Structures are given as structure tokens and as C-alpha cells.
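The values are calculated or read from the model by the stated rules, or taken from the named source; none is laboratory data. What you see is a predicted model; the values in this text were computed from it and never measured. Neighbour counts run over all protein chains shown; Cβ positions are idealised from the backbone, glycine included. Only protein heavy atoms, including side chains, enter the accessible area calculation; ligands, DNA and RNA are left aside. Shrake-Rupley method; radii C 1.70, N 1.55, O 1.52, S 1.80 Å.
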Amino acid sequence: MFRFHPSVRLRGSHKAPFSKAWVETQSSDIINVSLLLRSADRANATISASTTEMAKEPRLSKASESDVEIVWEFAAHHGLKVTRSDAMQRIVRLAGARDAMEKAFGVSLAYVTDGRSVYRVRSGHILLPQELDRIVLGVFGLDNRKQASPHIRLAPGGTSKSVKPQAFDGQQLSKIYNFPPGQGAGRTIGLIELGGGFQQSDLDTFFSSLGLSSPSVKFVSVLGGANSPGQDQDADTEVALDIEVAGAVAPSATIVVYLAPNTDQGFLEAISAAIHDDANHPDVISISWGAAEIDWTGQMLSAMDSLFESASSLGISVFVAAGDDGANDNVGDGKAHVDFPASSSWVTACGGTTMTVVNGVRLETTWNSSTLGGGATGGGISDVFARPSYQQNTKMPVNQSGDVQGRGLPDVAAVADPYTGYAVFVDGSWTVIGGTSAVAPLFSGLAALIDDQLSRRCGSINLPLYAAASDDKFHNIVTGNNSVDGVTGYTAGTGWNAVTGWGSPDGINLLQLFSTPT
């Protein structure tokens, strides 16, 4: 007979206290949490309590029936309702009142406001009963503070309802970057979005300006996420940017927008939903949201990393924006940091460049317009994830701690400077947007074209990129750095570097690289 008394700290679950600038308020609701379970064939797998040693486990094995049954018994013991139980995704979702959740997980929950929104917060560790230790790898949703930010940068000059600005679009960049022919027919691009929404009229206006029909865009709700344009301008801009860039590169591809709340639980379940979507089967996933590694719990870092390994095992390409705040990644502690989920070794991290085209000649440098308020590309060495095998022979700089063992990012780059930017039509107006947010859907569109040409998924591109020492597959960026706000960053140069990776793409060369399966 199980006792289910919370007594064991959940590894990696420590959460920092909420900001002192926030004040407690009165609120109550039915709380939903998502539990990520271990896989059946690694019964002893754990998530490391250390942020420098994240455990590895197989990502395709489902949860065992016995583990799921124990979680159900735990829920019944504490008066919690099981609202979802998915052994394949290893997720069990529970719902219950505040006091029941506090007792079940040994936490104290508070409601606070920053003057605009009310959040439910916790601090310290989550506690589990011994019966669930090693079975439950993460508990997400007890705290619903915002987890990530869209990596967009707005160009100066405002908006226009009628005049399309002089800026790049996916069609132009397809030619500049020598993308292969085709339109991505039969391929599906999944976009992870944490708020906002899109209007079909915006898409129709944008694609009409390119002489194209609007692509097929589907909406998938995750945890009640709604296609609700008009409520969050930044989120709307991110959604529009992602659809319009990916759709302009691969106009015949199907685009699926996975909309979830901007919480740790929402982010996790959106990615899991895309990877395991049996209805739409995305070939490529684009993620333009993130935050510095230091802003994530250990359990979240490891759980998300495990999902990306699942995607890689399934042959799904995942492209993630590397961040727009240069070497310090908007942390403000005077040290260098990198962005997650871009720092996961299972994704392709996308950095940014500044590009001009003069008489047909492409001129590119590292994107760093921080002195003008225009941001700078993320990049550097991870403090969390070890250097992956595909980077073992890659010359890398040391990180702030003098460690040379971390994962280096980005892997690739493309134009991201808002002062050249991308023309986007959103919420009824034209505007110019920059940021590495644009680079992830650009490469996602390229991957769809390559998949179309090969009649198969190219999958995770990192291993062949590094195995080929891809200087000749990319336009190597040799000038610039991502130093910002007094924080010494990293410098571009020949070969791979920690500001633009291998550089900006030559699509035809990449197609040739993937013509032989790896």
C-alpha cells in the first residue's frame, strides 16, 4: 500500500523566488500540471540535479503501464483528476485545487501581480513521494510565470497600412542564398508559438504581394492555446513573421501552428504535440522563442532536450533562434550566456548576420547593431550542455568559466539585422522585423525544399554539417562580434565560430550534402 507522502526532492526542480517588485494578491483556480515520466526501457534514468550534467535517455520509448498506474494511484490519493494520460508522449496531466496540489507536491503556491497580470508562483524544490522518485522526471505548470520571449527586433520607422517597405522577404532570400528549386510540396512545417495569433486577411495580403496564393495554414490548440490576434502585438508579430517567412520559401508546404500558453508547461507540451502529431506529421519544426539558460529550471532543460532527441530520432529537423541580445543574452549580470532551447545539441541553432547586396554581390558581417538599439546575434558556449560528439573536432573558444567542454552555438546564420530586416504584414499593417526569429523559419523553409527534392526527410542537419567541415557549404562570416553592454562576446572568423556558426547558407550546396543519407 502506497503512502504517497512528499519527501524526496525532484531533481532540477528548484525555482527562484518571485520578483520583490511583485505583490501578492488574492486569486484561485483549478490548477493543471503535466508530469513527464521516465521511459519504459530506462527504468533507472534520472534527470540530473546539476545544470552541468543533464541525463540522457532514449526518447522514443513510451512510459510503462506500471509507472502510469502508480501516477494514477497518486492522483486518486490526493484528490487530483487525471485529465490526460499519454504513455507514448510519457505525459500525465493532473487537475486539482490549490491546497491539493500544495499537499501532493510539497510546495507553497502564491498569487502575485506585476501590475498587469496575475501569476501563480512557487519557489524552492518540488517534493515527490518515494514511490514516484525516478518515475516522474518533471512536474510543469505549478508556476505559470512567462517562460520565454519571442526573438524579434522591430526596425525604426513604424508601420504602414498600404506601402510595402523596402526589406527582405523569403522569396528574395531564396534567390540570394541559392536555395534549391521546388516549393516544398507534400512537406509540413510546424511552428511553435506561445501566444498571439494570425489573421487570414494578413496572410492573403502578404502572399498576394509576392504573387503567391496563401499557403495552407492549420491551427493546433495546446493546453487551451487560442488563435487570438490583437491581444499581444509582439506575439502576433512573431506568428506572422514565422508563417510569412517559411511560406514564402516553401509556398506549397503545409504550415501547422501549435499555439500554447507561454509557460514551462505550455512550451513543453507544444513541442511534444508537434513531434508526436499523428494527424499532420511535421517534417520540420521552427522555434523562435527562448530565454537564457540561467532562466530555466534543470528539469525543464532536461525534459525539453529529451523531446528534441525524440525529434531527431524521428527524422524531424528542428531549427531554433539563437537570441537577439548578444553575448549576455539579456541577463544583465556582466557575464556571457547562451539561449535555450537553441543550446540543445539536438537542434540547429540559428544566428544572425547583417547583409547588403550590391550589384548582385552579397556582403555579410556579424549582426551587432546593439549600439543603435538594434540588438545582436546570440551565440557562445553552453554552461549546461556538454559538447556533442559532432563538435569534438571543432575549434572553439572557452566560455566565461574557462571551460571548453560546452556545446557551441549557433550552427548556422542568415540575415537578422532589423535595419535591413524582413517585410511582414501583421495586424493590418506592413512593418520591418529583424531578429534570429526570422532565421529559424527561413532555414525551416530551406529544409522543406531539400526534403521535397530528396523525397525524404533530411532530419537533424548538425551531424553532416560538422562532419563535412562545412566552410564550402556556407558563406563564412569572418568579421564582427556579439559583444554588448560591456560584456566581451565572441568573434567571427574562418571556419565555425560562436557568433554565426558555419555562416549563411548556399542552398544548392546543402542539397548536395544531403543527397547521400547520413
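Across the range 1-24, what is the total count of residues that are of a type in the set (D, E) and open to solvent by less than 100 Å² (accessible area, probe 1.4 Å)?
0
Hey, can you tell me all the residues within the range 112-152 that are closer than 25 Å to S288 by Cα, assigned to a strand (DSSP E or B), open to solvent by 10 Å² or more (accessible area, probe 1.4 Å) and at pLDDT 95 or above?
Hits for the range 112-152 are S149, P150.
Give me a count of the residues in the range 254-268 that are more than 19 Å from T188 (Cβ to Cβ) and touching a strand residue (DSSP E or B) at 6+ places or on another chain (Cβ under 7 Å).
3
I'd like to check something: does the range 206-225 contain any residue that is at positive phi, without any contact (Cβ under 8 Å) to a residue 40 or more places away in the chain and within 25 Å of the chain's Cα centre (by Cα)?
yes
So, of the residues in the range 342-357 that are assigned to a strand (DSSP E or B) and open to solvent by 10 Å² or more (accessible area, probe 1.4 Å), which turns out to be nearest to A438 (Cα to Cα)?
Once the filter is applied, the top-ranked residue is T354.
Yes or no: S455 of a type in the set (G, A, S), under 25 Å from V249 (Cα atoms) and without any contact (Cβ under 8 Å) to a residue 12 or more places away in the chain?
Considered against the rule, which asks whether it is of a type in the set (G, A, S), under 25 Å from V249 (Cα atoms) and without any contact (Cβ under 8 Å) to a residue 12 or more places away in the chain, S455 comes out as yes.
Report, by residue number, each residue of the range 466-493 that is among the hydrophobic types (A, V, I, L, M, F, W, C) and open to solvent by 70 Å² or more (accessible area, probe 1.4 Å).
Residues satisfying the conditions are A467, V478.
V499 passes all but one of (1) out of contact with any Asp or Glu (no Cβ under 9 Å at 6 or more places or on another chain); (2) crowded, with 23+ Cβ neighbours inside 10 Å; (3) outside any loop (DSSP other than H, G, I, E, B); which number fails?
Looking at each condition in turn, V499 falls short on (3).
From the set of residues in the range 492-518 that are without any contact (Cβ under 8 Å) to a residue 60 or more places away in the chain and of a type in the set (S, T, Y), which is farthest from K335 (Cα to Cα)?
T516
I'm trying to understand the selection: among the residues of the range 87-110, which are surrounded by 18 or more Cβ atoms within 10 Å (Cβ to Cβ) and closer than 16 Å to H276 by Cα?
Q89, R90, I91, V92
Using the structure shown, decide if K161 is in contact (Cβ under 8 Å) with a residue 24 or more places away in the chain, over 22 Å from D29 (Cβ atoms), open to solvent by 20 Å² or more (accessible area, probe 1.4 Å) and among the charged types (D, E, K, R).
It is true that K161 is in contact (Cβ under 8 Å) with a residue 24 or more places away in the chain, over 22 Å from D29 (Cβ atoms), open to solvent by 20 Å² or more (accessible area, probe 1.4 Å) and among the charged types (D, E, K, R).
Table: residues versus (1) of a type in the set (A, V, I, L, M, F, W, C); (2) part of a strand (DSSP E or B); (3) surrounded by fewer than 24 Cβ atoms within 10 Å (Cβ to Cβ); (4) touching a residue at least 12 places away in the same chain (Cβ under 8 Å).
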position: L268; (1), (2), (3), (4): yes, no, no, yes
position: S272; (1), (2), (3), (4): no, no, no, yes
position: H281; (1), (2), (3), (4): no, no, yes, yes
position: S286; (1), (2), (3), (4): no, yes, no, yes
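When the range 288-308 is examined, which residues are found to be of a type outside the set (G, A, S) and part of a helix (DSSP H, G or I)?
E293, I294, D295, Q299, M300, L301, M304, D305, L307, F308
Residue check, S437 against (1) open to solvent by less than 10 Å² (accessible area, probe 1.4 Å); (2) part of a strand (DSSP E or B); (3) polar (S, T, N, Q), all met but one. Which one?
Of (1) open to solvent by less than 10 Å² (accessible area, probe 1.4 Å); (2) part of a strand (DSSP E or B); (3) polar (S, T, N, Q), only one is false for S437: (2).
Inside the range 230-264, can you point out the residues that are part of a helix (DSSP H, G or I), over 17 Å from the mean Cα position of the chain (by Cα) and buried (at least 24 other Cβ atoms within 10 Å of the Cβ)?
E244, G247, A248, V249
Would you pick out the residues in the range 87-111 that are in a strand (DSSP E or B) and either within 14 Å of L128 (Cα to Cα) or at pLDDT 95 or above (or both)?
If the condition is that a residue be in a strand (DSSP E or B) and either within 14 Å of L128 (Cα to Cα) or at pLDDT 95 or above (or both), then I91, V92, R93, L94, A95, G96 are the ones that fit.
Looking at the structure I just gave you, is A291 surrounded by fewer than 24 Cβ atoms within 10 Å (Cβ to Cβ), out of contact with any Pro (no Cβ under 7 Å at 6 or more places or on another chain) and either under 27 Å from Q199 (Cα atoms) or at pLDDT 95 or above (or both)?
Yes: the conditions hold for A291.
So, in the range 182-209, how many residues would count as being part of a strand (DSSP E or B) and either of a type in the set (S, T, Y) or open to solvent by 10 Å² or more (accessible area, probe 1.4 Å) (or both)?
Count: 1.
Out of the residues in the range 502-512 meeting the condition of being within 25 Å of the chain's Cα centre (by Cα) and not polar (S, T, N, Q), tell me which one is most open to solvent (accessible area, probe 1.4 Å).
Filtering first and then ranking leaves D506.
Mind checking whether some residue in the range 469-480 is free of Cβ contacts under 8 Å to residues at least 60 places away in the same chain, in a helix (DSSP H, G or I) and out of contact with any helix residue (DSSP H, G or I) (no Cβ under 9 Å at 6 or more places or on another chain)?
Yes, the range 469-480 contains a residue that is free of Cβ contacts under 8 Å to residues at least 60 places away in the same chain, in a helix (DSSP H, G or I) and out of contact with any helix residue (DSSP H, G or I) (no Cβ under 9 Å at 6 or more places or on another chain).
Being under 20 Å from L307 (Cα atoms) and open to solvent by less than 10 Å² (accessible area, probe 1.4 Å): is that true of R84 here?
no
Regarding N330, is this residue open to solvent by 10 Å² or more (accessible area, probe 1.4 Å), polar (S, T, N, Q) and within 17 Å of S288 (Cβ to Cβ)?
yes
What residue, of G360, G408, is closer than 30 Å to N178 by Cα and surrounded by 22 or more Cβ atoms within 10 Å (Cβ to Cβ)?
The unique qualifying residue is G408.
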